[in-house]
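Scroll down for the structure; my scribbles are underneath it.
Throughout, read-outs are computed from the coordinates displayed, never taken from laboratory work. Note that the structure is a prediction, hence the values are computed from the model and not measured. Note: ideal-geometry Cβ built from the backbone for every residue, glycine included; neighbour counts use all protein chains shown.
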């Protein structure tokens, strides 16, 4: 069993749900999150009064699934990112589940 986790902008939830469906994943959970992207300051004095970094309404989608479904889901997310324009790519990863009850 694997834990398949995806993070993306909240507005992409429908697209990610379709990816899960194609990967034979019918049950998943979501959690709202706020993504942060801090700019890299080259000179602290130049950015002394800057207003901070970007924030984005994001979502984390996760499920427990088979290794085959998780691997196919990763491939589908990779393909999705190749065909999508934007500064916030969809991120995905797989974690092993050692034990469960």
Least to most buried among 63, 30 (fewest other Cβ within 10 Å first): 30, 63
Cβ-based exposure ranking for 78, 58, in which fewest neighbours within 10 Å come first: 78, 58
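If we count other beta carbons within 10 Å of each Cβ, what is the order of 32, 15, fewest first?
Listing 32, 15 from fewest to most nearby Cβ atoms yields 32, 15.
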Between residue 100 and residue 33, what FRET efficiency comes out of the Förster formula 1/(1 + (r/R0)^6) with R0 = 22 Å and r the beta carbon distance, rounded to 0.05? 0.35
